[in-house]
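Contents: one structure, followed by commentary.
The values are calculated or read from the model by the stated rules, or taken from the named source; none is laboratory data. Source: prediction; values computed, not measured. So basically every Cβ, Gly included, is an ideal-geometry build from the backbone, and we count neighbours across all protein chains shown. Heads up: the accessible areas ignore ligands, DNA and RNA and are worked out on the full protein's heavy atoms, side chains in. Shrake-Rupley method; radii C 1.70, N 1.55, O 1.52, S 1.80 Å.
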Amino acid sequence: MTQYKAPLRDMRFLMNEVLDYPAHYASLPNGKDADPEMVDAILDGAAQLCEDVLAPLNHSGDIEGCHFDNGAVTTPKGFKEAYRQFVEGGWQGLSFPTEFGGQGLPMSLNLFKSEMMGTANWSFAMYPGLSVGCINTLMQYGSKKQKAQYIPKLVSGEWAGTMCLTEPQCGTDLAQVKTRAVPQKGGSYKITGTKIFISAGEHDLTENIVHIVLARLPDAPEGTRGISLFVVPKFKVKADGTLGERNAVNCGSIEHKMGIRASSTAVLNFDEAEGFMVFEPNRGLEAMFTFMNTARLGTAVQGVCHAEAAFQGALPYAKDRRSMRALSGKKDPESKADALIWHPDVRRMLLTQKAIAEGGRAMIYDALKIGDHMFNASAAGDAEGYKAFDSKLGFYTPILKGFLTEMGLEAANLGVQVFGGHGYIKEHGMEQIVRDARISTLYEGTTGIQALDLLGRKVLMGSKGKCVRDFTLEMVRFARPHLLRRTPLGAMARNLAARAAEWNLLTTAIMLRAPKDREVVGAASVDYLMYSGFVMMGYYWAVQAAKAEELLASGQGKESEDFYRSKVQTAEFYFERLMPRANAHRTGALAPTRSVMQLDNEHFAFA
């Protein structure tokens with residue numbers, strides 16, 4: 001079985017030496033307590049919880065799964081005790097305001113903790129993870145009464161939260177939502193309908209579950225403009241905050257899934273359940289996007305989690321397992337065969353995993369700095385500031401979610417490949433990582449949906465290419481001082497400068513073709529997203545390499561010289577072996593739509 005070890009050295013390298021989180025936190029109104037000593041203590045504490053409590057339950061939870069019995073869901077053995085320790089440690093309230101019982105620290109700290117939790121045990125991490133989006137939605141759009149009634153218990157972890165969007169007849173196309181909300185005297189609503197694929201929709205970890213539900217009013221207009229948002233607790237909440245009678249929301253079943261089997265995915269039936277409107281009538285989707293964007297960032301983290309987990313499993317196996325001799329001669333002459341890690345193709349797989357995990361981590365950690373500003377603007381009631389930061393983060397979000405989950409799945413598959421036949425066997429834990437990772441490219445919007453969001457909404461319609469121009473300008477500013485250097489970093493800088501121009505030309509070419517061919521955006525979008533992801537990750541690898549070279553030269557780094565050299569060498573690998581994939585995606589994005597659309601629907605197959 002694989003054993004999880006929190007990658008604290010890499011996390012601290014990014015936070016303290018590359019992205020200067022100490023200065024970032026010092027600039028935030030809620031960052032004064034997030035000094036380096038406090039942050040180190042939080043990281044160490046989270047690492048201990050993840051390594052000692054959550055990781056040992058990962059494999060056993062997968063084998064046992066959740067149990068369903070007449071509407072009740074029981075989590076696997078050990079989960080309730082682990083959740084109790086999670087709550088007692090105050091981990092759920094880390095980044096929420098003190099007025100609701102939280103610790104008032106920056107939002108990014110919660111994501112650092114979530115990354116460790118997700119790598120150690122993604123199924124477990126989903127239970128408190130869904131609550132975060134519920135809290136964020138109520139904080140931004142809930143009434144004073146709703147905030148007082150629900151948020152403190154959610155922040156403490158005593159209650160959990162969900163989001164209820166999907167229905168049997170619709171997933172991504174929320175215009176088809178049929179759940180009804182009928183107004184009652186006193187301001188409540190009767191919610192009736194069925195929601196499916198509800199992560200953490202029913203379980204035994206908390207005494208109450210607060211559902212955030214999309215539904216339609218009787219006089220609502222058709223389509224997404226007629227969707228409202230409601231808060232529907234599993235148990236009704238009395239005026240004094242204590243729990244009342246069971247609400248008319250029940251779990252009809254849980255799904256039998258490919259992976260994340262210890263996380264309950266429920267079918268929820270609302271039968272005139274009592275609910276209360278959040279925000280304004282027919283503007284529920286607008287409010288729900290707060291929840292969805294939170295979840296999409298959390299899912300992007302999943303790509304890093306599974307890449308890291310697969311790498312941590314594959315690396316020790318490659319060092320210990322012996323097979324054949326290295327092509328360049330014996331490496332372990334005292335043994336009958338050399339370790340797998342001496343073989344170039346195994347090294348290629350390991351370096352790919354490492355590049356994905358560490359490159360993806362850098363992408364997310366930098367984006368989280370924008371998220372900190374966005375959440376603070378929201379808390380301060382700064383609508384213009386919130387909008388500006390939300391727009392900037394909005395460019396990152398589909399790339400992080402779409403690209404990193406695809407690459408995380410690749411890294412998970414490579415973990416099985418390093419093990420060979422043993423990777424296919426449950427006892428080694430590698431195949432579980434693949435099964436757990438597979439959902440990441442599907443929920444919170446498939447890769448295709450993320451790609452349409454990026455190219456269609458964010459790049460073409462939302463900013464007319466400005467978001468790409470802004471990001472590529474950062475790339476050029478970084479690259480310019482290194483362009484003439486005859487070093488690995490110089491080569492990376494020249495590559496990035498060329499890619500910056502290329503990315504803008506690609507965007508312009510699609511923009512010019514789109515009015516003439518309405519299928520262009522749909523046909524090009526996934527290739528465009530993957531191209532964007534490879535280039536963006538390349539930028540963050542070059543940034544890491546530059547800092548590593550600087551610290552090697554100055555001798556002022558907090559890590560060993562070997563650590564910094566490994567950063568430069570992994571960056572070299574990325575630019576030589578992975579960045580060229582962007583070329584194929586660029587070619588695909590520019591290909592005519594005819595080859596995609598010309599085949600008659602009836603001619604896809606012949607019986």
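Determine the distance separating the Cα centre of region 535-607 from the Cα centre of region 194-217; give it in Å without decimals. Between the Cα centre of region 535-607 and that of region 194-217, the gap is 38 Å. Region 282-357 and region 449-492 have Cα centres separated by 26 Å. Of the whole protein surface, Glu286 contributes about 90 Å² of accessible area at a 1.4 Å probe radius.
Express the accessible area of region 198-245 per residue in Å², computed with a 1.4 Å probe while the remaining protein chains stay in the model. The partial results should precede the final answer.
Details: 1760 Å² over 48 residues.
Heavy-atom SASA per residue in region 198-245 reads 37 Å².
Excluding ligands, DNA and RNA, the accessible surface per residue across region 46-153 is 36 Å² with a 1.4 Å probe.
So, with +1 on the Cβ of K and R and -1 on the Cβ of D and E, and no other charges, what is the size of the charge dipole of the chain about its Cα centre, to the nearest 20 debye?
I would put it at about 1360 debye.
Can you tell me how region 48-190 classifies by the Cα gyration tensor, rounded, prolate or oblate, using a/c under 1.5 as the rounded cut? Since a/c reaches 1.5 but b/c is at least a/b, the shape of region 48-190 is classed as oblate. Computed on protein heavy atoms with a 1.4 Å probe, the accessible areas place Ser156, Ser228 in the order Ser156, Ser228, largest first. From most to least packed by mean Cβ count within 10 Å, the peptides 471-477, 56-62 give 56-62, 471-477. Among the listed values [x] 16, 33, 28, 18, 4, 0; [y] 18, 48, 25, 8, 2, 0; [z] 19, 54, 25, 2, 0, the one computed from these coordinates for P(r) over Cα pairs in 20 Å bins from 0, in percent is [z]. Solvent-accessible area assigned to carbon and sulfur over region 481-533 amounts to 63 percent, based on a 1.4 Å probe. Could you list which residues have their amide H under 5 Å from that of Gly161, counting only those 5 or more apart in sequence or on another chain, with H placed in the peptide plane? Placed amide hydrogens put Ser131, Val210 under 5 Å from Gly161. Here the Karplus relation 6.51 cos²θ - 1.76 cosθ + 1.60, evaluated at θ = phi - 60°, turns the backbone of region 85-91 into coupling constants of 5, 4, 5, 5, x, x, 5 Hz, with x for every Gly and Pro. A protection proxy built from the mean count of other Cβ atoms within 10 Å ranks the segments 125-131, 545-551, 460-466, most packed first, as 125-131, 545-551, 460-466.
Between amide H atoms placed 1.01 Å from N, distances below 5 Å from Gln103 occur with Leu94, Ser95, Phe96, all of them 5 or more places distant or on a separate chain. Ignoring any ligand, DNA or RNA, what whole percent of the accessible area of region 47-194 comes from carbon and sulfur when the probe is 1.4 angstrom? On region 47-194, the fraction of accessible area on carbon and sulfur atoms equals 51 percent.
Put +1 on the Cβ of every Lys and Arg and -1 on every Asp and Glu Cβ in region 75-200; which of Gly157, Thr194, Thr119 then has its Cα farthest towards the positive end of the dipole? The one lying farthest along the dipole's positive direction is Thr194.
Length available on full extension from Phe604 to Asp345: 0.36 nm per residue minus the Cα-Cα distance, which gives 89.6 nm.
Show that you can apply the helix-only estimate: for the chain, add -39,500 (n - 2.57) for every DSSP H stretch of four or more residues, divide by all residues, and state [θ] at 222 nm to the nearest 500.
Numbers: 19 runs with 316 residues, N = 607.
It lands at -17500 deg cm²/dmol.
Accessible surface for region 393-485, divided over its residues, is 39 Å² per residue with a 1.4 Å probe.
In terms of its C-alpha gyration tensor, region 405-514 has an oblate overall shape, because the principal axis ratio a/c (a ≥ b ≥ c, square roots of the eigenvalues) is not below 1.5 and a/b does not outweigh b/c.
Rounded to the nearest Hz, the phi-derived 3J(HN,Hα) couplings of region 343-348 under the Karplus curve 6.51 cos²θ - 1.76 cosθ + 1.60 (θ = phi - 60°) are 7, x, 5, 5, 4, 4, where x marks glycine and proline.
In percent, how large is the relative contact order of region 5-66, given Cα pairs closer than 8 Å and 6 or more residues apart? Display every interim value, and only then the final one.
Working: 20 pairs, mean separation 18.6, N = 62.
Relative CO of region 5-66 lands at 30 percent.
Shape verdict for region 470-607, please, from the Cα gyration tensor: rounded (a/c under 1.5), prolate (a/b greater than b/c) or oblate.
Values: a/c = 3.93, a/b = 2.31, b/c = 1.70.
Judged from the Cα gyration tensor, region 470-607 comes out prolate (a/c at least 1.5, a/b above b/c).
Order the peptides 528-538, 181-191 from the highest to the lowest mean number of other Cβ atoms within 10 Å of their residues. Please list the in-between numbers first.
Working: 528-538: 25.0, 181-191: 15.9.
In decreasing order of mean packing, 528-538, 181-191 become 528-538, 181-191.
Accessible area of Leu455 (1.4 Å probe, protein heavy atoms only, ligands and nucleic acids ignored): about 0 Å². Residues whose amide H comes within less than 5 Å of that of Asn282, counting only those at least five positions distant or on another chain, are Ser228, Leu229 (H built at 1.01 Å from N in the peptide plane). Find how many whole Å separate the alpha carbon centroid of region 107-144 from the alpha carbon centroid of region 367-400. Rounded to whole Å, the Cα centres lie 17 Å apart. Each residue of region 364-379 is assigned a 3J(HN,Hα), and the resulting list reads 5, 4, 6, 5, 5, 5, 5, x, 4, 5, 5, 5, 5, 5, 5, 5 Hz, derived from the Karplus form 6.51 cos²θ - 1.76 cosθ + 1.60 (θ = phi - 60°), x at Gly and Pro. Using heavy atoms of the protein chains and a probe of 1.4 Å, the accessible area assigned to Ser143 is about 50 Å².
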